[in-house]
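**Student:** Structure in structure tokens, see below.
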Amino acid sequence: MVHVLFVCLGNICRSPTAQGVFTKMVEEEGLSHLIAIDSAGTHAYHRGEPPDSRAQSAAARRQVDLSGLRARVFTAEDFERFDYVLAMDRENHAHLEAICPDHHRAKLRLFLEFAPHLEVDEVPDPYYGGTAGFDRVLDLIEEASRGLIEEIRRNHLR
Ligand code: 4NP
């Protein structure tokens, strides 16, 4: 199994969206038995909560169901369990880097590294904005998810 973890600040907007989108894509590719997917937040503000209703609605418009997810906090143990620890923005990345053991450093990446054709390398925090921000989050995540599947196929599945 390849284990993938998406990480943002609250684990109620961006990283659960990435978990939902990537899970659906992996299912469509017939790879569910080979790739395990989870998400977490660097902070505990929303621990135990379902994804933000705006994130759920935006995802549902693309046939992605986030309703069963619940926010949890990233723990140091996640560096042991996961092969890919994918931060949504530089702030999340810096937070994780500060607690990442040297021997796991290669696991830690910015998620948008897997969409190098994009003009941005961060998924912007949509929490204090409007609906368009949540659609933008989905667009970016869909692009990077395609790249991540290709990366996993290349490096683990052949
Ligand atoms: P997320 O968005 O990191 O994508 O889940 C946020 C959720 C909550 C807060 C900030 C960002 N907050 O400040 O509570």
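The values are calculated or read from the model by the stated rules, or taken from the named source; none is laboratory data. A quick note: this is a predicted structure, and the numbers were derived from the prediction, not measured. Positions of Cβ are generated from backbone atoms using ideal geometry, with glycine treated the same way; all protein chains shown enter the neighbour counts. Areas reflect the complete protein model, heavy atoms only, side chains present, ligands, DNA and RNA absent. Shrake-Rupley method; radii C 1.70, N 1.55, O 1.52, S 1.80 Å.
**Student:** If you check Ser15, Ser39, which single one turns out to be within 10 Å of the ligand (Cβ to nearest atom) and in a strand (DSSP E or B)?
**Tutor:** The match here is Ser39.
**Student:** Please specify each residue of region 108-137 satisfying the condition of being in a helix (DSSP H, G or I), open to solvent by less than 50 Å² (accessible area, probe 1.4 Å) and either of a type in the set (D, E, K, R) or away from the ligand (no atom under 12 Å from the Cβ) (or both).
**Tutor:** Leu112, Phe114, Asp135
**Student:** Here is a follow-up. Of the residues Arg105, Arg81, Arg54, Arg62, which single one is within 20 Å of Ala132 (Cα to Cα), of a type outside the set (Gly, Ala, Ser), open to solvent by 60 Å² or more (accessible area, probe 1.4 Å) and more than 12 Å from the ligand (Cβ to nearest atom)?
**Tutor:** Criteria check complete, one pass: Arg62.
**Student:** Could you check region 73-127 and list, in sequence order, the residues that are among the β-branched types (Val, Ile, Thr) and under 25 Å from Ser57 (Cα atoms)?
**Tutor:** The answer is Val73, Val120, Val123.
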